[in-house]
Amino acid sequence: MKIQYIRKLTASYMVLAQCEELQEWEKKMIAHAPKGNIVFAECVQENGEKYLWYNITGKQALDVVLETETFSYDMLCNVLNGIYEAVQQLEGMLLPAQSILLSAESIFVDYRTRQISFCYYPGNPMPLPEAFRTFMEYLLTRLDHSDERAVKAAYDIYGQSSAGGVELKELKSLLLMPYEKDEAKTEPESLDDTEPEEPEAYAAVGQTEQDGKRDASIWKQIFRGESTVQELLAAVWEKLWKTTGGAAGRPAGGAAGRVTGKAAASGDKRRTGRWKIGGNMKNMQKEQEPFVFEPEEEEHKSANPTVLLAGISQKPEGILRYEGTGGYSDLVIEKDNYVIGSAAECDGRIPSATVSRRHAKISKKGAVFFIEDLNSSNGTRVGGELLNYKTGMSLQKNEVVMFADEKFRFI
């Protein structure tokens, strides 16, 4: 299936050759379709051929999104719930669910709402179970394998789809299966309950079997949200107090300290153990970090400190010099894939109301820079030419680049 992307003024389209005519009743159903997550096409005839034009303005294809985002459990749920809702909507309209396209190039994400959209392609030749299985194979290659929940859910669903035992309308219940199985194993534990297996993070501390089971219980409760990190730290302090005979000591209130020796090593292992904790990992690591404290030595600052310059770029690779009237900064391109937009997380930020959150991307191949519009609402122009979505154009020195109505010059 050949996909084309065409930009017209402020609208962007994905264009496919039409493979099957819609019947009159289907046209009426589509014309009165409720708002949902399915994109229905407009049929356009050109040079004796019929094409389907899908309005994808403000959306980005899933394959492009996954170039810069990790495919986490939350995104997996978002995509699979979207498929479930699309199937439900089509069944309610008496339209064949097989007609939705399940490929990363034809599934779109709205960056503002995070809604997943699917394109309706009448006469789609691939059976839906086969299309879903192929799509799941693709998702497994993009999965964030450090996300335990994502791995468990994705491989479980893929296994059932490969065995032919999964229906798309059951996706919501399938997403809950990994959790229901875990919760069914045991009743909620207290701190004195035991677990069949102790986490690797505690194996390095040298605790007794009884203490290890207790620690595993604490980790399990934190994983389930039943205990706090503070309770874990209290248990750790108690363990260190026993194993060191009180020699290590506890930190004095407000005293500065740092992790040293074996305790620091065990602390590192603790953070890379098999039990994953949800939430802000950076903040939790900060809470778990101090185990053994020593007084900090006073820093002796040199009047002429030595600075290592090996990892510092001496000259920016490329610059987009701002020539507009909004008072924005120049954009210094210092990485091979440089995303430009109004969102705070973009590499080059243009905080203008006319610039999309993720507006364009500049990539470097060899010594040449290429710019690509990310299906922005108001478009990207290079040398006066409006870029189509997913169509890269090389940047020449002194060339004018317009992100919506904001003017830059590549130097």
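The values are calculated or read from the model by the stated rules, or taken from the named source; none is laboratory data. Here the structure is a predicted model, which is why all the values come from computation and not from measurement. No Cβ is skipped: glycine too gets one built from the backbone with ideal geometry, and neighbour counts run over all protein chains shown. Calculation scope for accessible area: heavy atoms of the full protein, side chains included, ligands and nucleic acids excluded. Shrake-Rupley method; radii C 1.70, N 1.55, O 1.52, S 1.80 Å.
Numbers for the structure displayed
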{"item": "From the options Lys335, Lys315, residue that is part of a loop (DSSP other than H, G, I, E, B), among the basic types (Lys, Arg), modelled with pLDDT under 90 and within 23 Å of Glu67 (Cβ to Cβ)", "result": "Lys335"}
{"item": "Every residue from the range 98-149 that is touching a helix residue (DSSP H, G or I) at 6+ places or on another chain (Cβ under 7 Å) and among the β-branched types (Val, Ile, Thr)", "result": "Ile100, Ile107, Val109, Ile116"}
{"item": "Given (1) touching a strand residue (DSSP E or B) at 6+ places or on another chain (Cβ under 8 Å); (2) surrounded by 14 or more Cβ atoms within 10 Å (Cβ to Cβ), index of the condition Val368 fails", "result": "(2)"}
{"item": "All positions within the range 107-121 that are touching a residue at least 12 places away in the same chain (Cβ under 8 Å), open to solvent by 10 Å² or more (accessible area, probe 1.4 Å) and either assigned to a loop (DSSP other than H, G, I, E, B) or under 12 Å from Met1 (Cβ atoms) (or both)", "result": "Tyr111, Arg112, Arg114, Gln115, Tyr121"}
{"item": "Only listed residue being in contact (Cβ under 8 Å) with a residue 60 or more places away in the chain and either under 28 Å from Lys152 (Cα atoms) or touching a strand residue (DSSP E or B) at 6+ places or on another chain (Cβ under 8 Å) (or both), chosen from Ala41, Ala86, Ala104", "result": "Ala41"}
{"item": "Meets criteria (more than 20 Å from Thr380 (Cα to Cα), at pLDDT 85 or above and in a helix (DSSP H, G or I)) for Val44", "result": "no"}
{"item": "Criterion violated by Val355 - all others in (1) of a type outside the set (Phe, Trp, Tyr); (2) open to solvent by less than 60 Å² (accessible area, probe 1.4 Å); (3) in contact (Cβ under 8 Å) with a residue 60 or more places away in the chain; (4) under 18 Å from Asp110 (Cα atoms) satisfied", "result": "(3)"}
